[in-house]
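Chemist: Below is one structure. I have some questions about it.
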Amino acid sequence: MHHFQYKDDELYCEDVPIRAIAEEVGTPCYIYSCATLGHHFTVFDSAFKDVSHLTCYSVKANSNLAVLKLFGSLGGGMDIVSGGELYRARTAGIPAERIVYSGVGKTVQEIDYALRENILMFNIESLEELDAIDKRAGVNGVKARIALRINPDIDPNTHPYISTGMKKNKFGISIDNALSAYQKARRLKNIEIMGVDCHIGSQLTEVAPFIDALKRIRVLIERLGQAGIEICYLDLGGGLGIVYDHEAPPQPHEYAESILKELEGVPCTLIFEPGRVIVGNAGILVTKVLYTKRTPSKNFVIADAAMNDLVRPSLYGSYHFIQPVKRSEKATEIVDLVGPICESSDFLAKDRGLPQPAGGEYLAVMSAGAYGFSMSSNYNSRPRAAEVMVSGGRYFVVRKRESWDDLVRLENIPEFLSVGGPLHGQGCG
Ligand SMILES: *Cc1c(COP(=O)(O)O)cnc(C)c1O
């Protein structure tokens with residue numbers, strides 16, 4: 001369920017017409033529905049209400065402070081993958097004891113920061129990282145709480161770029177080496193073993209791979225118990241898929257029922273790291289048509305949003321449903337919706353039927369709340385889009401559109417370029 005619906009042929013987010021936002025804030029802009037965000041978080045979290053658990057929203061899916069703040073206020077924790085994400089989570093007021101830290105390349109600076117903040121635990125992805133964290137904990141005079149991220153070698157049947165739990169992926173410690181890795185962890189003075197972690201991929205549309213992974217993890221937890229290593233947290237990662245097109249992913253309650261059935265008798269607090277399933281369908285990208293262009297082989301619609309704003313179509317060939325902000329009776333035309341960037345991979349949709357778009361019209365790129373703004377860039381020196389949050393009849397710009405000044409703010413021209421040459425006497429730097 002989401003709150004982007006037509007009323008009298010005008011697309012609304014909750015009680016605000018999208019057009020009103022587009023006209024005031026400009027385009028391209030991301031629009032998030034606060035009601036949908038809250039609803040999705042609550043549906044997921046309450047699917048596990050009968051067991052001890054913590055829902056750690058995956059910050060990378062949508063890292064806006066307002067989004068993080070909302071989930072924090074609903075009792076959520078955060079799954080972070082960088083020091084920057086820890087900074088965001090703390091800035092949004094998320095308690096450190098609700099933060100878990102994943103990722104294969106944590107730096108010394110990031111490890112120290114997380115130790116100082118005293119986060120709930122590190123999800124460790126290699127033996128070298130385990131040593132590094134032990135060492136930094138020693139230097140800082142603290143104990144590091146950890147889980148080992150286990151790679152269970154399960155094919156999640158998703159796009160290869162977002163599958164993470166197969167042998168050939170860079171993530172986690174092979175399940176075959178897990179027992180000895182835990183035995184090593186136990187010997188380290190500054191490490192406190194808390195849990196087992198696994199995250200097998202993203203946009204999963206069936207429960208079977210989750211359950212296959214879980215069965216293997218369960219066996220591991222039993223073996224650890226026999227070896228005298230008690231596990232109190234089981235982190236099952238994220239990855240539950242959403243409907244972009246005609247997928248039929250399990251509902252959170254179905255996912256929860258299957259998992260809980262498999263976990264009977266496992267006395268662990270469960271941690272989940274959902275990202276996409278919570279924010280994906282809670283946001284859209286609004287773009288304005290600039291030009292249309294007919295060529296002998298294609299009809300192009302050139303919009304003011306591009307792959308720097310939403311890279312998923314270019315990067316993964318992803319499908320996003322696109323609809324006009326003002327519904328019309330115009331005949332359908334098959335078009336490529338493209339952006340202004342100088343790359344042929346710059347498209348938002350290919351061979352798509354749209355009601356003959358014309359210059360000046362607004363289009364809504366649906367299901368853009370996850371891995372949309374958070375993956376955006378400044379390529380082609382395009383300022384990043386504004387982000388807006390709607391709640392009922394109100395809306396609020398939760399991130400301003402970047403300016404051209406923002407683009408060059410961190411850059412400096414070295415003095416040696418201003419001596420002689422055409423820049424002489426212009427006093428840069
Ligand atoms: C990206 C990621 C998630 C979230 O994945 P979704 O598919 O968005 O739910 C969770 N955990 C880890 C470790 C991740 O890298």
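Any read-out appearing in this document is the output of simple, stated calculations on the displayed coordinates, not a laboratory observation. Since the model is a prediction, treat every value here as computed from it, not as a measurement. Note that we place each Cβ from the backbone using ideal geometry, even for glycine, and neighbour counts take in every protein chain shown.
Chemist: Would you list the P(r) distribution for region 114-261, with all Cα-Cα distances sorted into 5 Å bins from 0 and each bin expressed as a whole %?
Modeler: 2, 10, 19, 20, 18, 14, 10, 6, 2, 1, 0
Chemist: Which residue fluctuates the most in the chain, going by a Gaussian network model with Cα springs under 10 Å, if the choices are 140, 151, 308?
Modeler: 140
Chemist: Considering only C-alpha atoms, what is the centroid distance from region 301-327 to region 230-283, in Å?
Modeler: Answer, in whole Å: 28.
Chemist: How much net charge surrounds residue 169 when only the other residues with a Cβ under 12 Å from the Cβ of residue 169 are counted, with Lys and Arg +1 and Asp and Glu -1? Before the final figure, lay out each step's value.
Modeler: Working: positive: 149, 167, 168, 170; negative: 125, 153, 155.
The answer is +1.
Chemist: How do 131, 176, 304 rank when sorted from fewest to most other Cβ atoms within 10 Å of their own Cβ?
Modeler: By the 10 Å Cβ count, ascending: 176, 131, 304.
Chemist: Could you pull the Rg and Dmax for region 1-156, using just the Cα atoms, both in Å?
Modeler: Using the Cα atoms of region 1-156, the pair Rg, Dmax is 19.2, 64 Å.
Chemist: Taking a threshold of 29 Å on the Cα-Cα distance, which of the pairs 293/326; 330/350; 135/170; 326/350; 189/261 fall above it?
Modeler: With Cα atoms farther than 29 Å apart: 189/261.
Chemist: While we're here: For region 262-329, what is Rg from Cα atoms divided by 2.2 N^0.38 Å, rounded to two decimals?
Modeler: That works out to 1.80 for region 262-329.
Chemist: Once Rh is set to the Kirkwood radius over Cα pairs, what Stokes-Einstein translational diffusion coefficient, in µm²/s, holds for the chain at a temperature of 20 °C and a viscosity of 1.002 mPa s?
Modeler: 92
Chemist: With the chain treated as a Gaussian network of Cα nodes joined by springs under 10 Å, which of 273, 14, 23 yields the largest mean-square fluctuation?
Modeler: Evaluated over the chain, the most mobile residue of the options is 23.
Chemist: Rounded to a whole number of µm²/s, how large is the Stokes-Einstein D of region 175-281 at 4 °C and 1.567 mPa s, given Rh as the Kirkwood radius over C-alpha pairs?
Modeler: This corresponds to a translational diffusion coefficient of 87 µm²/s.
Chemist: Within region 175-201, whose backbone N sits under 16 Å from a point 7 Å along Cα→Cβ of residue 167?
Modeler: Answer for this model: 175-178.
Chemist: Given the DSSP H assignment, sum -39500 (n - 2.57) over each helix run of at least 4 residues in the chain and divide by its residue total; what's the result at 222 nm in deg cm²/dmol, nearest 500?
Modeler: Working: 12 runs with 117 residues, N = 429.
When only DSSP H runs of four or more count, the value is -8000 deg cm²/dmol.
Chemist: Extending each Cα 7 Å along its Cβ direction at residue 300 and residue 248, get the distance between those two points in nm, one decimal.
Modeler: 3.9
Chemist: Could you sort the peptides 289-299, 207-217 by per-residue average Cβ neighbour count (10 Å cutoff), highest mean leading?
Modeler: 207-217, 289-299
Chemist: Assuming R0 = 45 Å, can you tell me the calculated FRET efficiency for the pair residue 418 and residue 24, based on Cβ-Cβ distance, to the nearest 0.05? Intermediate results must be reported in sequence, preceding the final value.
Modeler: Values: r = 41 Å, r/R0 = 0.92.
That pair, residue 418 with residue 24, gives E of 0.65.
Chemist: Then there's this: If you wrap a convex hull around the C-alpha atoms of region 325-420 and split its volume per residue, what is the figure in Å³?
Modeler: Hull volume over Cα atoms, normalised by residue count, gives 176 Å³.
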